[in-house]
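Below: one structure, written as structure tokens.
What follows draws every value from the coordinates through simple rules; no lab data is involved. Keep in mind that what you see is a predicted model, and the values were worked out from it rather than measured. Every residue, glycine among them, receives a Cβ derived from its backbone with ideal geometry; neighbour counts consider all protein chains shown.
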Amino acid sequence: MQEIADEAGINKAMLHYCFKNKQLLFEAVFMNAFSQPAPQINAIFNSSDTVFEKITKFTHNYI
């Protein structure tokens with residue numbers, strides 16, 4: 001946590017105040033990162049395209 005606080009330019013106490021442990025910090029970072037491509041991925045998988053087309057579209061969007 002100290003390395004993360006140093007990299008963020010804040011003190012460790014502030015980091016612990018916002019995120020009580022590494023797991024909560026990881027979840028926040030993961031949710032933030034995943035929330036950006038999630039709607040596009042959801043639209044691809046819920047489409048009526050064939051499985052091959054879905055895989056192709058997913059690969060192009062993900063990359």
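How long is the gain from HIS60 to ILE10 if the chain were fully straight, where each residue apart is worth 0.36 nm and the alpha carbon distance is subtracted?
Here the segment from HIS60 to ILE10 would lengthen by 14.3 nm.
To the nearest 500 deg cm²/dmol, what mean residue ellipticity at 222 nm is calculated for the chain from DSSP H runs of n ≥ 4 alone, each contributing -39,500 (n - 2.57), summed and divided by the residues?
Mean residue ellipticity at 222 nm (helix-derived): -22000 deg cm²/dmol.
Among TYR17, THR50, ASN61, which residue has its Cα positioned farthest towards the positive end of the charge dipole of the range 2-62, with +1 placed on the Cβ of Lys and Arg, -1 on the Cβ of Asp and Glu, and the dipole taken about the Cα centre?
Of TYR17, THR50, ASN61, it is TYR17.
Alpha carbons only, please: Rg and Dmax for the chain, in angstrom.
Using the Cα atoms of the chain, the pair Rg, Dmax is 17.7, 51 Å.
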